[in-house]
Amino acid sequence: MLANPEITPAEPGEHSARAVLRMAERFATREIADEPIVIHIGDRQAETTTDADGYFEATIDVDDGALRSGSWVHAHGALPDRDDATWVLPSLVVDETTDRLVISDIDDTILSNGAGNVARTVLQTIAGSHLTRRPIDGAPELYRRLTTIGAPAAPPCPVFYVSSSPWNLFDFLTAFMDHHGFPVGPLLLRDLGLNRSTFGGAHGAHKVSGIAAILDAAPNADVVLIGDTSQQDAMAFSTTIIDHLDRVTAAYLRDVGDESKTNEVRQFIVDEALDDTMLVIDDLAQIADDLAARQWGRSR
């Protein structure tokens, strides 16, 4: 929860200095700490409080036959101590009837981000916008197809995006996805704090815990995991596969072109005996064909 004004919107052809200023706005945050919050969905509500960094979590049990898995509802938030502070929280419905899920990384999986080149990644992030950044070839088309593959008559398959990017980039990432036509889905990003649980080596741990929370919310879903070979996706996904062996249909890792990292990932897959479930792919388009052979979502 932040008290910041709206971020300056990106414009076509803008000077890079404007993009740098906009990025500074994202990180110069004023958190609303220790503030009571009330969240409503219909006539149900939950009360919680923001933590020292302005974050909050709330759980609402909703028993409504009109809510279908894969549909979106509007939750409403309010700060009781501030009469004019209300907002809408779009919320995706997943439950025990959800039969398929896609859980995807973002950087170098759907968003071209330098494949581990830190200097290039920082420059692209600071000096660009959702209008200038490019998706991985074929990614928007594939992800739209994944929402219907295997069960075209069913509600769209929910897509979740789990990334180690900081929450400060939420508006940029959602604008990027909308601009390029990716399916709308919840983003689970990271609190970029200066401690071991939120910074540095916690990349894999953040993804493991985020994926576990999604699977708990949809306990009967067959899951597809999509990441890349540039970071720690192989290790994070292997933990999920081991913990949910009967639920992970496949885990796909896009080869980012770094031969050393790719070889390490391939050896890891062999060492962990994950050959049947985890695949390194050269092109995202391979995913659809492989899933068709695996009968994704039809095993339950």
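Comparison of ILE281, ILE287 shows that the only residue that is touching a Leu at 6+ places or on another chain (Cβ under 8 Å) and surrounded by fewer than 17 Cβ atoms within 10 Å (Cβ to Cβ) is ILE281.
Residue-wise test of (1) in contact with a strand residue (DSSP E or B) (Cβ under 6 Å, 6 or more places away or on another chain); (2) over 19 Å from ARG294 (Cβ atoms); (3) in contact (Cβ under 8 Å) with a residue 60 or more places away in the chain; (4) surrounded by fewer than 21 Cβ atoms within 10 Å (Cβ to Cβ).
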| site | (1), (2), (3), (4) |
| --- | --- |
| LYS207 | yes, yes, yes, no |
| ALA217 | no, yes, yes, yes |
| ALA221 | yes, no, yes, no |
| SER230 | no, yes, yes, no |
| ASP233 | yes, yes, yes, no |
| PHE237 | yes, no, no, no |
| ARG247 | yes, no, no, yes |
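Of ARG133, ARG145, all but one fail to be basic (Lys, Arg), at pLDDT below 90, under 30 Å from ASP258 (Cα atoms) and over 16 Å from the mean Cα position of the chain (by Cα); the exception is ARG133. Of everything in region 4-24 that is open to solvent by less than 60 Å² (accessible area, probe 1.4 Å) and within 24 Å of the chain's Cα centre (by Cα), the residue that is modelled with the highest pLDDT is ALA24.
Which residue is surrounded by the fewest Cβ atoms within 10 Å (Cβ to Cβ), if the candidates are limited to region 171-191 and must be of a type in the set (A, V, I, L, M, F, W, C) and part of a helix (DSSP H, G or I)? It comes out as ALA175.
Which of the residues spanning region 46-78 are free of Cβ contacts under 8 Å to residues at least 60 places away in the same chain and over 30 Å from THR147 (Cα atoms)? Passing the criteria: ALA46, GLU47, THR48, THR49, THR50, ASP51, ALA52, GLY54, ALA78.
Open to solvent by 70 Å² or more (accessible area, probe 1.4 Å) and more than 16 Å from ASN168 (Cα to Cα): is that true of ARG44 in this structure? It is true that ARG44 is open to solvent by 70 Å² or more (accessible area, probe 1.4 Å) and more than 16 Å from ASN168 (Cα to Cα). In this structure, does ASP63 turn out to be touching a strand residue (DSSP E or B) at 6+ places or on another chain (Cβ under 8 Å), open to solvent by 60 Å² or more (accessible area, probe 1.4 Å) and either part of a strand (DSSP E or B) or charged (D, E, K, R) (or both)? For ASP63, the condition - touching a strand residue (DSSP E or B) at 6+ places or on another chain (Cβ under 8 Å), open to solvent by 60 Å² or more (accessible area, probe 1.4 Å) and either part of a strand (DSSP E or B) or charged (D, E, K, R) (or both) - is not met. Candidates ASP51, ASP99: the one that is acidic (Asp, Glu), in contact with a strand residue (DSSP E or B) (Cβ under 7 Å, 6 or more places away or on another chain) and surrounded by 15 or more Cβ atoms within 10 Å (Cβ to Cβ) is ASP99. Residues in region 72-86 that are in contact with a strand residue (DSSP E or B) (Cβ under 9 Å, 6 or more places away or on another chain) and open to solvent by 100 Å² or more (accessible area, probe 1.4 Å): TRP72, HIS74, ASP81. Of all residue pairs spaced 6 or more apart or on separate chains, those with beta-carbon atoms under 6 Å, a first member in region 174-188 that is aliphatic (A, V, I, L, M) and a second member that is in a loop (DSSP other than H, G, I, E, B) and crowded, with 17+ Cβ neighbours inside 10 Å are ALA175/HIS130. Against the conditions (1) at pLDDT below 80; (2) under 27 Å from MET1 (Cα atoms), VAL118 satisfies every one except (2).
The values are calculated or read from the model by the stated rules, or taken from the named source; none is laboratory data. Bear in mind the structure is a predicted one, so any value in this text is a computation, not a measurement. In this analysis, Cβ positions are derived from the backbone assuming ideal geometry, glycine residues included, and neighbour counts consider all displayed protein chains. Keep in mind that these areas ignore ligands, DNA and RNA; they rest on the heavy atoms of the full protein, side chains included. Shrake-Rupley method; radii C 1.70, N 1.55, O 1.52, S 1.80 Å.
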